[in-house]
4 protein chains.
Amino acid sequence: MKRKDYLQNPVKHIKINGTLTVDQLMQQFKNSGSFGAGRLAVACDIYEKMVRDKECTIFLALSGAVVPAGMRTLVTDLIRSRLVDVIVSTGASMVHDAIEALNGHHYKGSWNVDDHELYKYHIFRIYDVFVPEEDYVRLDYEFAEMYREVAAEKRGESLSSNEFAWELGKRLKDPDSILRAAYEEEVPIFIPAVRDSEFGFIHWLHASQKNQKDILQVDAFKDVPLICEICGKSPKNGMIVIGGGVPRNTVQSAALASKKALDYAIVITMDRPETGGLSGATLAETISWGKVKSEADKVMVIGDALMIFPIIVASVVERLGGKFRRTPYLKLGRLESDGE
Amino acid sequence: MKRKDYLQNPVKHIKINGTLTVDQLMQQFKNSGSFGAGRLAVACDIYEKMVRDKECTIFLALSGAVVPAGMRTLVTDLIRSRLVDVIVSTGASMVHDAIEALNGHHYKGSWNVDDHELYKYHIFRIYDVFVPEEDYVRLDYEFAEMYREVAAEKRGESLSSNEFAWELGKRLKDPDSILRAAYEEEVPIFIPAVRDSEFGFIHWLHASQKNQKDILQVDAFKDVPLICEICGKSPKNGMIVIGGGVPRNTVQSAALASKKALDYAIVITMDRPETGGLSGATLAETISWGKVKSEADKVMVIGDALMIFPIIVASVVERLGGKFRRTPYLKLGRLESDGE
Amino acid sequence: MKRKDYLQNPVKHIKINGTLTVDQLMQQFKNSGSFGAGRLAVACDIYEKMVRDKECTIFLALSGAVVPAGMRTLVTDLIRSRLVDVIVSTGASMVHDAIEALNGHHYKGSWNVDDHELYKYHIFRIYDVFVPEEDYVRLDYEFAEMYREVAAEKRGESLSSNEFAWELGKRLKDPDSILRAAYEEEVPIFIPAVRDSEFGFIHWLHASQKNQKDILQVDAFKDVPLICEICGKSPKNGMIVIGGGVPRNTVQSAALASKKALDYAIVITMDRPETGGLSGATLAETISWGKVKSEADKVMVIGDALMIFPIIVASVVERLGGKFRRTPYLKLGRLESDGE
Amino acid sequence: MKRKDYLQNPVKHIKINGTLTVDQLMQQFKNSGSFGAGRLAVACDIYEKMVRDKECTIFLALSGAVVPAGMRTLVTDLIRSRLVDVIVSTGASMVHDAIEALNGHHYKGSWNVDDHELYKYHIFRIYDVFVPEEDYVRLDYEFAEMYREVAAEKRGESLSSNEFAWELGKRLKDPDSILRAAYEEEVPIFIPAVRDSEFGFIHWLHASQKNQKDILQVDAFKDVPLICEICGKSPKNGMIVIGGGVPRNTVQSAALASKKALDYAIVITMDRPETGGLSGATLAETISWGKVKSEADKVMVIGDALMIFPIIVASVVERLGGKFRRTPYLKLGRLESDGE
């Protein structure tokens, strides 16, 4: 590379002299092009490219407090307009979704409170969000009944985590529910650590109930072939990571296992690489594994995903128009049976 | 509180004028008592207190690159001397342990390399550690065979993640293996997201093999009752968290489910609370849930756990003497059958 | 506080089904109200309140790579419309401004380059921004001449850092220059660590030149009375911090010294409190000192200020209308002489 | 590079089976060699190498709450045994040192307190450290008197920040004082942002006093030639950074200005590079500027410097022996006059 090649594109300064749409601001960030703002603009471009790429299957990996952050309807809308094709989630986010589907709520609160008082009041805290215990208790009993019903139908047959998610979605009425929307739209939701959430406690409750004839069984490994098959059959694959953790690892592992390194990758996280943990690992590192292509469109935005992802979505929705509905490449929900 | 109550203990300055043992330095940190050094000293004291509390069951939650960081023997030794009673781990850490048990290695490398070259060389990178692909391939085939063997023995019976871990440990010869030591010492290893690691890929391989009569089945929820029972039957419970993620959540959820809020808690992490994620959540927040007692001995050390945990262990081992072997309160390995 | 008081305001979920203006998105963030998005919405509200408060003097504390981030015109526009009244800056930001005023540029680059090659090419790197050495060399010589000229005028009289900034601004032609705009608008720019930047090297150059009759003198303490007087005479004071460091400390110290704890405070930073450093210190901590009022409107947004501040400005400008020009309470530029 | 070159050094696992000295633990970290522990071990080796290099001048850049962290005596001892040659500090750290020299104290406290109560009690908080206001008031009056005395001696002559520091050190009796030790040992202390601390307020107090004949004058730029000359005359230069900010920038700028890129560099910080700020900038980036040599021994340790630096010192002091006193290459204190 020659010297002049390094000095091609001057930073253009941001100009705000009236009302800007979100995407107009993102275009300014693209023109300035450096540090966090530059990376955010790149993330918007990559997401748009994924959406417009007719051969691409889009994986959304969810960790952190997605629903308490107010992103529930956002995710539901992405599912319904098929701006995402596959969801990989922690158990907790689906629990939070289910709580609201049963008319529970997350309340705006404060992180600076007396937690012992909250404890005595039976209020649970998630940073600056409060949830009343009764919303969890209602979930426990309604879902234990749901587990019983599913178990009775399945008669000892084990479910995969995605089948489990759809069985829940099928039984929820709330159209704003992520689980419901995914079921209706046949968007798979993988929950690789399903046991590590209230769903695990509910299972305990369910299994302890008297006269329980059938116990719901979820096989830990049964969702592996489907997610690998989706990656494998899709000409291209893209990943958007909110946070990191098990959901990020699951998507990347599926790409590796199916020998289909990802073509697009957006990671939004506060984690950093130095401790060697997966959540903060650079996208460069994933190249060595064959999880992401070296020529992939990829970017890592360092920041609070629960603030940054809505900005990206707003920018991309503006580009697409509000009525946009994407046609997915794969009929994902039926893949597994197709494959047999 | 009166004014003078705030002004009781002056910071005493650190004095290093010759050789110090690790614990002597920690005593200095206790005397200075502020910021990271103060919290590190508190963590040493809490761990010592847990170990000396004959009624306490100690949970070690492992996430991040524990084995590539050189902490494999450290964890094995903690198991053998029973300075930990229960391990909750990501799948990845147990995969890394198994790789070394099969004579594979993690190599000291650099984060500043050409990842595409590594890819072409079939070398995987974990920040500044390299692992050759052949070590994974060997693991895949030897463990697929192990899965087959276990499946043949179990004949369709589902295992819990901890039973799965012991079945692996039983079949590994290496005395330095975490899985082996846990099996021998009857220390349960829970792997709540077992599918999210090479163990998931190996299962796919195993299940795809021709003439496979029995397929290994791991039930996603089956380990829930045991971990809750351990918490429930133990008069006191303590937790040490390396990193956060699913392992931290699993321990805390067991405490909540069994209505035995933790008596001791040490969290070592780089994560912070502001995004609402679990890994960075303060220990104050856990009080609201009933996961940790408000009067518990607890501390959160902000730092690279893979550097800080060995310092804590060195300090506590120095206090206990190298020969120390703790007698656990519960015979944990047999709990489940006892319970029936 | 009663139980029901904690459970008043449910998180309302973000809805993006078409084009949103930046402020419309901020209103959604206000409705969701939690984590980073909630704090960002609060920051927008506080800044609007500051601007509409006719008795408030607004201090903008600048650290980090403000100009390479593309925020140069943004700051200039804030000065010209008087959405800020006083600037406290590192030397580096004013150096970067001056480089562009002399037709130099910051170029969009990459952090992932061979720095030794850049060194050989005489290109300096600021994360993912490149600056050619010749832009610094031009600055050095033109500013050394400027120093000479100022020194000749002042004849041994020492300047304060803000007088120094205005003398530079007076001599720059570029209307987009922060220094120029501040000079024209009589907005003081304090540079408490002026020596710690290229301005220090230029001074060395200037002082080493042959036949140098007068040496430019900047008194380290001379700007203290003015900034304290501004705080003291202003009925209310507000602070916006980009990053932290010396500029944040200088504003807070002025508030303390003048016994006018701040009424409004917005801090945008990636720094955290645990190490005890000033940049990451909570706004709660500042209350103990009397730097910020306990009843102040205040918020700390954890994130990359160079991405977040433009969002806040866009939201507030949208509320005010693009033509808005604020009338400041104090004639700041003349304060010092008024005082005598 | 060939494939096998990447796979040379297996991670050796940490073994703790009895009492370890701090350096024995660091040797284990060297053998494991990855992530934070590996970088910490490298930092110990580099500091040892700097100390044993007879041609090297060692700069210690101090930011953050060094004295409240209990590192006051540690720094004093480093000065007296000449394990550091030059100090570059924030004003605040020298203020904290002076407070203790005048029999004030920093008290161990808690970050989780009612800051408004502290305010009413006239107690200042620095994260989990408390300082009573009267210690500041005493400082203000005793130092204002000191300023008067120095001003009377200097009769209008401006001091550099390092001359100012020595004038203070000369007047303090406490042998544990950093300022005192530096004065006695002729170790320069540069305070590039001297105005941004209680020293600035004291100046205001001093200048406001009635019948003040001479006002103490500190020239903002006057310390530039000396620090550049030290770098320039020293065959080799090394830097240890606690935190970052202005002190780090000042050392690096001196290296650049004197065309003597640093031969050794250790940076200990929680800051990261992504926002473009100086404190978190990688050492690779400094190569492009010519601030650090590309072949320098250099490492960046991500962590709380106030916990990590004492560990490094303990390890190096153990290697050197407690009686070790280093002979500096330069007689730094007299450099300036030599140069004329």
Residue in region B:71-94 that is farther than 19 Å from D:Lys15 by Cβ and within 9 Å of chain D (Cβ to nearest Cβ) present: no
Check on A:Val246, of a type in the set (Val, Ile, Thr), under 23 Å from A:Glu163 (Cβ atoms) and either in contact (Cβ under 8 Å) with a residue 60 or more places away in the chain or surrounded by 23 or more Cβ atoms within 10 Å (Cβ to Cβ) (or both): yes
Test: A:Thr275 is open to solvent by 30 Å² or more (accessible area, probe 1.4 Å), within 9 Å of chain B (Cβ to nearest Cβ), out of contact with any Ser or Thr (no Cβ under 8 Å at 6 or more places or on another chain) and at pLDDT 95 or above: no
Pairs where the first residue, in region A:38-51, is within 16 Å of A:Ile242 (Cα to Cα) and the second is among the acidic types (Asp, Glu) and surrounded by fewer than 22 Cβ atoms within 10 Å (Cβ to Cβ), C-beta under 7 Å, 6+ apart: A:Ile46/A:Asp297
Conditions (1) closer than 14 Å to B:Thr286 by Cα; (2) assigned to a helix (DSSP H, G or I); (3) not hydrophobic (A, V, I, L, M, F, W, C); number of the one not met by A:Lys170: (1)
Breaking point among (1) within 12 Å of another protein chain (Cβ to nearest Cβ); (2) in contact (Cβ under 8 Å) with a residue 40 or more places away in the chain; (3) not small (Gly, Ala, Ser), for A:Leu102: (1)
Qualifying residue in region D:194-211 (condition: within 22 Å of the chain's Cα centre (by Cα) and open to solvent by 30 Å² or more (accessible area, probe 1.4 Å)): yes
Residue within region A:211-227 that is in contact with a Cys (Cβ under 9 Å, 6 or more places away or on another chain) and within 30 Å of A:Ala151 (Cα to Cα) present: no
Test for A:Asp304: is it open to solvent by less than 10 Å² (accessible area, probe 1.4 Å) and among the acidic types (Asp, Glu): yes
First in region B:129-140 and more than 11 Å from chain D (Cβ to nearest Cβ), second anywhere and part of a helix (DSSP H, G or I) and of a type in the set (D, E, K, R), Cβ under 9 Å, 6 or more apart: B:Tyr136/B:Glu198; B:Leu139/B:Glu198; B:Asp140/B:Glu198
Filter result (away from chain B (no Cβ under 12 Å) and assigned to a helix (DSSP H, G or I)) within region A:232-257: A:Lys233
Sole residue being touching a helix residue (DSSP H, G or I) at 6+ places or on another chain (Cβ under 9 Å), at positive phi and of a type in the set (D, E, K, R), chosen from C:Lys259, C:Lys222, C:Lys213, C:Lys236: C:Lys259
For B:Asp114: the one exception among (1) touching a helix residue (DSSP H, G or I) at 6+ places or on another chain (Cβ under 8 Å); (2) without any contact (Cβ under 8 Å) to a residue 24 or more places away in the chain: (1)
B:Asp297 being touching a residue at least 60 places away in the same chain (Cβ under 8 Å) and either more than 19 Å from B:Arg39 (Cα to Cα) or open to solvent by 20 Å² or more (accessible area, probe 1.4 Å) (or both): yes
Filter result (open to solvent by 30 Å² or more (accessible area, probe 1.4 Å) and not basic (Lys, Arg)) within region C:70-83: C:Asp77
Helices (runs of 4 or more DSSP H) enclosed by region B:84-161 - at least 2 residues per element that are open to solvent by 20 Å² or more (accessible area, probe 1.4 Å) and either modelled with pLDDT under 95 or of a type in the set (Lys, Arg) (or both): B:133-154
Test for A:Lys260: is it at pLDDT 95 or above, assigned to a loop (DSSP other than H, G, I, E, B) and either open to solvent by 10 Å² or more (accessible area, probe 1.4 Å) or within 11 Å of chain C (Cβ to nearest Cβ) (or both): yes
Whichever residue in region B:17-41 is over 30 Å from D:Glu117 (Cα atoms), open to solvent by less than 10 Å² (accessible area, probe 1.4 Å) and facing chain D (nearest Cβ under 7 Å) and, among such residues, is nearest to the chain's Cα centre (by Cα): B:Val22
Unique residue being in a helix (DSSP H, G or I), open to solvent by less than 20 Å² (accessible area, probe 1.4 Å), within 8 Å of chain B (Cβ to nearest Cβ) and touching a strand residue (DSSP E or B) at 6+ places or on another chain (Cβ under 9 Å) when the list is D:Ala284, D:Ala314: D:Ala314
Qualifying residue in region D:180-188 (condition: within 9 Å of chain C (Cβ to nearest Cβ) and not β-branched (Val, Ile, Thr)): no
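The values are calculated or read from the model by the stated rules, or taken from the named source; none is laboratory data. Because the structure is predicted, anything quoted here is derived from the model rather than measured. For neighbour counting, all protein chains shown are included, and Cβ atoms are generated from backbone atoms with ideal geometry for every residue, glycine included. We work out accessible area using only protein heavy atoms, side chains counted, and drop any ligands, DNA or RNA first. Shrake-Rupley method; radii C 1.70, N 1.55, O 1.52, S 1.80 Å.
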